[in-house]
1. On a straight-distance basis, which lysines could pair with Lys129 in a cross-link, Cα separation under 19 angstrom, same-chain partners fewer than 8 positions away excluded?
2. How charged is the neighbourhood of Val13? Take every other residue with its Cβ under 13 Å from the Cβ of Val13, and add Lys/Arg as +1 and Asp/Glu as -1.
3. For the range 140-185, taking Cα atoms only, what is the radius of gyration to one decimal and the Dmax to the nearest whole Å?
4. Once you measure Cβ to Cβ distances between cysteines in the chain, which Cys have no partner under 4.7 Å?
5. Among DSSP beta bridges lying fully in the chain, give the percent that are antiparallel, nearest 5.
6. Please work out the Cα center distance from the range 162-199 to the range 36-58, rounded to the nearest Å.
7. Just to verify a number: FRET efficiency for Asp70 and Asp90, C-beta to C-beta distance, R0 = 25 Å, to 0.05?
8. Indicate the helices, whole DSSP H runs only, in the chain that combine a mean Kyte-Doolittle hydropathy of -1.0 or more with a Cα extent along their long axis of 30 angstrom or more.
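Please treat every number below as a calculation from the coordinates, not as lab data. Keep in mind it's a predicted model, so treat the numbers as computed, not measured. Positions of Cβ are backbone-derived with ideal geometry, glycine not excepted, and every protein chain shown enters the neighbour counts.
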Amino acid sequence: MANIKTMLTTFLVGNDGTAIQSPQPLLMVLKTLRKASRRLSRKKKGSNGRKKARLALARLHRRVANIRRDWQFKIALELARTLDVTCIEDLSLAGMKALWGRKVSDLAWSNFVKILAWQCKKHGSTLVKVDRFFPSYKLCSQCGHVNEQLELKDRQWVCLSCGARHDRDKTAAVNIKREGLRLLALEHEAGCRLMEKAA
């Protein structure tokens, strides 16, 4: 379980190995939320006490959402301002939620992608989304061999073809960057061809 926890607390990993940890705001107030939920369930329906308990629970949820949103805006703004091109993986959130539930919801990845796309557009940088089926963490960044035996629990691995040692997240980030830049180049090439035809 330690490997899963590590993966879910690391929100982003750059191709240089830089890791950005998630603040996990829901986890920070989870005990308080559970107490507030129990307090609400014990109140009589229609009573003023129940109304106050419901408002208190709503305030807690709003606080969590605001903390998460503020943090994501700051990270997205930094990326949009400092990078000309940002390549990210189009994650399968439904599959991740089935495995890890609340922890994945706490990351709110889809909301972050929307914020990042808006910030990139605002600051004139480019956001490239790499398909979720691209084998980013299974692909050896040295020789291109795909390690089909790699499992989610494997955080470090050795390429069976060339012997290169890999950190799963950093290797995935390197591969996502390469694939993203390749897709961007293809898009640019296609655009140039259309312009030539139009001329």
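1. Straight-line reach from Lys129, under 19 Å: Lys114, Lys121, Lys138, Lys170, Lys177.
2. Numbers: positive: Arg155, Arg168, Lys170, Lys177; negative: Asp16, Glu89, Asp167, Asp169.
My count for the surroundings of Val13 gives 0.
3. 11.1, 34
4. Those would be Cys87, Cys120, Cys192, since no other cysteine Cβ in the chain comes under 4.7 Å of theirs.
5. Values: 7 of 12 bridges.
The answer is about 60 percent antiparallel.
6. 53
7. Details: r = 25 Å, r/R0 = 0.98.
After rounding, the FRET efficiency stands at 0.55.
8. 48-82, 168-198
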